[in-house]
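Participant: I'd like to ask you about the structure that follows.
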Amino acid sequence: MKLLEKLDRIVRPVAIPNLTEILVIGQVATFLLTLLEPGFTERLNLVWDRVYEGEVWRLITFVFFPPAWGIFVIFYFYIFMFLGKTLEGYWGTVRFNTYFYVGTLMTLLVGLIVPSEPFTGLYFQSTVFLAFATLNPNYEFLIMLVLPVKVKWLALLQFITFFLMLSSGVPAIQLMVVASLANYFLFFGADLFRSLVRIRTRAKWAASQMQQNKSVKVARHKCSVCGIDSQSHPNEDFRYCSKCEGQHAYCEAHLRNHVHKT
């Protein structure tokens, strides 16, 4: 049995329907509480040192940590709801929950490496977008409600952003990115590898075809009667008949001994 199928069997008894709505409602609530009490989210993020001191709620609340986007957070909630519902509809409740639980678990584990640093669920949750883009690469988003851009190019931009974060030098951010990408490649790595193999195979075939086409020389002249050409008979003097309709070449033997084509 494949690894993901085994994980699905483990998750199935605890799978939560409409998980996206729960996440968005929780993040909206924490965002509003932050407006009322600045600094409230500091009680939500995952800090293992604080967990050891008894703040065990952080093991759950870090997934409800909202993005600090100001008024633009509304677009985040809308897009995340759309992406999550689409993936849950495509995968089913169990597989979508598996994707979320594995990302959560990986973030919990990497948080142990630097237990004094804060971790959130925003990084692995952002790979929901990468998952959507992998399954629907040609779907178009309207940037600023005007410019249509295929989601695969936006996903490429997110990958670039992730790799820039890996060079940021901030351990917590680097670890969250690693956990997020590990979660994504666990689910899509095999398919991406097969796609790369197919692309490479097609590229090699196209290159061999081009090489063959270059090696095959097309004869400049060919007798319309006997079929000999300037490549097989380079010393033959080919002529074109002015009485034939179209361009028809003939060798010396058939230039004056052929039926005119009309």
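Participant: Which residue pairs have Cβ atoms under 7 Å apart, sit 6 or more places apart or on different chains, and have a first residue in region 12-39 that is more than 23 Å from residue 79 (Cα to Cα) and a second that is in a helix (DSSP H, G or I)?
Facilitator: Here the result reads 12/94, each pair linking region 12-39 to a residue that is in a helix (DSSP H, G or I).
Participant: I'd like the full set of residues that are more than 19 Å from residue 18 (Cα to Cα) and without any contact (Cβ under 8 Å) to a residue 40 or more places away in the chain, limited to region 65-83.
Facilitator: 68, 69, 70, 71, 72, 74, 75
Participant: Could you count how many residues in region 140-162 are farther than 17 Å from residue 128 by Cα and surrounded by 11 or more Cβ atoms within 10 Å (Cβ to Cβ)?
Facilitator: First, pick out the residues of region 140-162 that are farther than 17 Å from residue 128 by Cα: 142-149.
From what's left, surrounded by 11 or more Cβ atoms within 10 Å (Cβ to Cβ): 149.
Residues flagged as farther than 17 Å from residue 128 by Cα and surrounded by 11 or more Cβ atoms within 10 Å (Cβ to Cβ) within region 140-162 amount to 1.
Participant: Filter region 43-54 down to residues that are in contact (Cβ under 8 Å) with a residue 12 or more places away in the chain and surrounded by fewer than 16 Cβ atoms within 10 Å (Cβ to Cβ), then give me how many there are.
Facilitator: So the answer is 3.
Participant: Quick one: which residue in 156, 186, 142, 130 is over 17 Å from residue 91 (Cβ atoms) and assigned to a helix (DSSP H, G or I)?
Facilitator: Going through 156, 186, 142, 130 in turn, just one is over 17 Å from residue 91 (Cβ atoms) and assigned to a helix (DSSP H, G or I): 156.
Participant: Give the residues of region 83-119 that are assigned to a helix (DSSP H, G or I) and touching a Ser or Thr at 6+ places or on another chain (Cβ under 7 Å), sorted by residue number. Steps first, answer last, please.
Facilitator: Within region 83-119, the subset assigned to a helix (DSSP H, G or I) is 83-91, 93-111.
Scanning region 83-119 gives 84, 85, 88, 103.
Participant: Does any residue of region 82-89 turn out to be aliphatic (A, V, I, L, M), modelled with pLDDT under 90 and surrounded by 13 or more Cβ atoms within 10 Å (Cβ to Cβ)?
Facilitator: No, that holds for no residue.
Participant: Considering only residues that are charged (D, E, K, R) and either under 60 Å from the mean Cα position of the chain (by Cα) or exposed (fewer than 10 other Cβ atoms within 10 Å of the Cβ) (or both), look in region 244-260 and name the one that is farthest from residue 225 (Cα to Cα).
Facilitator: Among those that are charged (D, E, K, R) and either under 60 Å from the mean Cα position of the chain (by Cα) or exposed (fewer than 10 other Cβ atoms within 10 Å of the Cβ) (or both), it is 245.
Participant: Which residues, taken from region 216-262, are part of a strand (DSSP E or B) and in contact (Cβ under 8 Å) with a residue 12 or more places away in the chain?
Facilitator: Answer for region 216-262, where residues must be part of a strand (DSSP E or B) and in contact (Cβ under 8 Å) with a residue 12 or more places away in the chain: 222, 223, 239, 249, 250.
Participant: Given the conditions (1) touching a residue at least 40 places away in the same chain (Cβ under 8 Å); (2) outside the structural domain of residue 21 (by TED's automatic domain parsing); (3) not polar (S, T, N, Q), report the number of the one that residue 117 does not fulfil.
Facilitator: Condition (2) is where residue 117 drops out.
Participant: Further question on the same structure: Quick check on region 207-243: of everything there that is among the β-branched types (Val, Ile, Thr) and over 53 Å from the mean Cα position of the chain (by Cα), which residue is modelled with the lowest pLDDT? Step through it out loud before you land on a result.
Facilitator: Applying the first criterion (among the β-branched types (Val, Ile, Thr)) to region 207-243 yields 216, 218, 225, 228.
Those still in the list that are over 53 Å from the mean Cα position of the chain (by Cα) too: 225, 228.
Details: 225: 80, 228: 83.
Only one residue fits best here, namely 225.
The values are calculated or read from the model by the stated rules, or taken from the named source; none is laboratory data. These figures come from a predicted structure and were not determined experimentally. Neighbour counts run over all protein chains shown; Cβ positions are idealised from the backbone, glycine included.
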